[in-house]
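Worksheet for the structure shown next.
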Amino acid sequence: MSGVVAYLIVVLGLVSDKVNKAPCQSLHIAIVDSAENHFVSGNDIYNLIVQDQINLLGGKLGKVNTKELEEKIRNTPFVKTTEVYKSSNGKLNVCITQKEPIIRVIDEHGEGYYIDKEANILPLGEYYTARVVVANGWNLAGGAPGDNLIELKTNAKYRRIYDLYQLGIFIYNDDFWRAQVEQIYLTQVGEFQLIPRVGAHIIEFGDIGNYQDKFNKLYALYNQGFQDEGWNKYIKINLAFKDQVVCTKR
């Protein structure tokens, strides 16, 4: 058995040596989730790589430090994971997944940013806008790209933004609410309003407390009450009260 292991080590070493001595003939960049989001382009990654690897094509693959290259690519705002590896046919392969925004925020000063699934704050894209819930209102300023809301949730500056994240991730992970909720507004006193895609009403959601129960109450109203009376009978639906839903007619 030890002889087999030694043989494999020798063979792998020879293969690795062969790859490193081979000239780099091509650069292959694959963005795995490009059908869902378009924040990262192949051209952007190519330009990032060749900034420091001017003589990449035609040069020896052994001169490419894949770990350093992975770290450099991961430092770009919208890249979630990256893997760089070499092939024996002279190809340098780069495989990337993107961060996944769930909310686009416009704060009270008109400044914007995204919040992604892992509670990271991301800058707005220069050429692409994700089709996600839009949030605006008060106490949403101060978030900076690179901040993580879970790590900063005890900081008073980020409390309301973290509340927004909790609401946003619940909506994003539920197919019904993801299709139904178009906008979230945060009032000056820290209460949320939801603007639906269907129906001409405002949902007074209240604070983040018991938010799952509030969505259950709202779903029961949509699923039962609106089937008989239609979507446009009410101008306001208030979920802020415990164990009841208060609807205001037009």
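Remarks
- Looking at the chain, the DSSP beta bridges with both ends there are about 60 percent antiparallel.
- Residues whose placed amide H lies under 5 Å from that of Val79, excluding near-sequence neighbours: Lys99
- Reported to the nearest whole Å, the Cα centre-to-centre distance from region 181-212 to region 60-101 is 41.
- Order of Arg197, Arg104, Arg74 - criterion: other Cβ atoms within 10 Å of each residue's Cβ, fewest first: Arg197, Arg74, Arg104
- Shape descriptor for the chain: Rg over Rh equals 1.16 (Cα atoms; Rh from the Kirkwood inverse mean 1/r).
- Taking amide hydrogens as placed 1.01 Å from N in the peptide plane, the amide H of Ile102 sits under 5 Å from those of Ile115, Asp116, Lys117, each at least 5 positions away in sequence or on another chain.
- Using the Cβ-Cβ distance between Glu182 and Asn155 with R0 set to 35 Å, the FRET efficiency works out to roughly 0.75.
- By the combined test of axial Cα extent (at least 18 Å) and Kyte-Doolittle hydropathy (mean at least 1.0), the qualifying DSSP H helices of the chain come to 2-21.
- Gyration tensor (Cα) of region 102-142, equivalent ellipsoid semi-axes in angstrom: 16, 12, 9
- Residue-span extension gain [Thr76 to Asp174] - 0.36 nm each, minus C-alpha spacing: 32.4 nm
- Projected onto its three principal axes, the C-alpha set of region 101-249 covers 47, 33, 26 Å, listed from the longest axis down.
- In order along region 97-112, the Karplus-derived 3J(HN,Hα) couplings, from 6.51 cos²θ - 1.76 cosθ + 1.60 at θ = phi - 60°, round to 10, 9, 5, 10, x, 10, 9, 10, 9, 10, 7, 5, 9, x, 7, x Hz, and Gly and Pro are given as x.
- From phi via Karplus (6.51, -1.76, 1.60), per-residue ³J(HN,Hα) for region 187-197 in Hz, x at Gly/Pro: 6, 5, 8, x, 10, 9, 10, 10, 10, x, 6
- The helix-only estimate of mean residue ellipticity at 222 nm for the chain, built from DSSP H runs of length n ≥ 4 each weighted as -39500 (n - 2.57), is -9000 deg cm²/dmol after division by the residue total.
Throughout, read-outs are computed from the coordinates displayed, never taken from laboratory work. Please read these numbers as outputs of a predicted model, since none were measured by experiment. FYI the Cβ positions are ideal-geometry reconstructions off the backbone, even for glycines, and counts take in every protein chain you see.
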